[in-house]
Amino acid sequence: MRVYTRTGDKGETSLASGRRVPKYHPRLEAYGSVDELNSHIGLLQSEIVDSLEQRFLLKIQNRVFTISSRLAVDDPQMADRLPEIRESDIKELEIELDRMLDMLPPLKNFLIPGGHPLVAQCHVARTVCRRVERIIVHLAREIEIDENMIIYINRLSDYLFVLARKTGYDLGIQEIIWTSDYEAKGE
């Protein structure tokens, strides 16, 4: 199988149903951004040392791929054959969030992303996830989107934020606290 098809050279591509749409179509923006998110999570998954978190991130990648595939399908019969995001998937994220939060000191300030490349990468994935959420919510005004997909993406951004904190904690990296008087102190 060749990677190039030459069918998109004129600015159009096909949805999973075969229907041709322009490459700027809202569905493509949505599932392209979800694919970008999955790539950032893949980078995290390959760098995180904790094997439990590695396995959980791989599970997340599979769920995110499910969301991408559902966004690429505009044919209800095809959609019926695809896996779905279930409430149990959302609950699983919440359980993992709570597990990590139980290990961390309470958060009392806003944080600046950084301190270590892996912590920063968690924040990059989190911000991409927030953009994905905005894009999907906007698309949901035009087409029917399963609410569980939106909820999952929302929880996933929370998970990625907490993963950033937990990763820094595990690495012994001090969190960078945002301060509104940065310039006033002459720092």
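A short reminder: the numbers here are calculations on the coordinates, not readings from a lab. All figures in this text were calculated on a predicted structure; none of them were measured in a lab. Using ideal geometry, Cβ is built from the backbone for each residue, glycine included, and neighbour counts are taken over all protein chains shown.
Please list the equivalent ellipsoid semi-axes of region 115-187, computed as the square roots of five times the alpha-carbon gyration tensor eigenvalues, in descending order and whole angstrom.
On the way: eigenvalues 197, 55, 14 Å².
Square roots of five times the eigenvalues give 31, 17, 8 Å.
Counting only C-alpha contacts under 8 Å and six or more residues apart, can you give the relative contact order of region 19-174 as a whole percent? All intermediate terms of the calculation are to be shown ahead of the outcome.
Numbers: 149 pairs, mean separation 46.2, N = 156.
That works out to 30 percent.
With charges set only on the Cβ (+1 for Lys and Arg, -1 for Asp and Glu), what does the dipole of region 19-174 come to about its Cα centre, in debye to the nearest 20?
Details: 21 positive and 24 negative charges, 84 e Å.
That gives a dipole near 400 debye.
For residue 146 and residue 62, compute 0.36 nm times the residue count separating them, minus their Cα-Cα distance, and round to one decimal in nm. If you can, show how the numbers build up before the last one.
Numbers: separation 84, 0.36 × 84 = 30.24 nm, distance 1.70 nm.
The residue 146-residue 62 span can extend by a further 28.5 nm.
If we sort 84-94, 111-121 on the protection proxy, mean other Cβ atoms within 10 Å, highest first, what's the order?
On the way: 84-94: 14.9, 111-121: 16.5.
Highest to lowest by the protection proxy: 111-121, 84-94.
Would you mind checking which residues have amide H under 5 Å from residue 74's amide H? H placed 1.01 Å from N; only 5 or more apart, or other chain.
Here the answer is 16, 17, since their amide H atoms fall under 5 Å of that of residue 74.
Would you mind checking which residues have amide H under 5 Å from residue 111's amide H? H placed 1.01 Å from N; only 5 or more apart, or other chain.
Amide H neighbours of residue 111: 178.
Are there chymotrypsin sites (Phe, Trp or Tyr not before Pro) in region 108-187 that DSSP puts in a loop and that have at most 15 other Cβ atoms within 10 Å, and which ones?
Values: sites: 110, 152, 159, 161, 169, 178, 182; in loops: 110, 178, 182.
Those that pass, being in a loop and sparsely packed, are 110, 178, 182.
When a footprinting reagent is the concern and you count Cβ atoms within 10 Å, what order do 70, 134 take, fewest first?
On the way: 70 21, 134 11.
Final ranking by Cβ density, sparse to dense: 134, 70.
Dividing the Cα convex hull volume of region 19-174 by residue count, how many Å³ per residue is that?
Details: hull volume 18.5 nm³, N = 156.
So the per-residue hull volume is 118 Å³.
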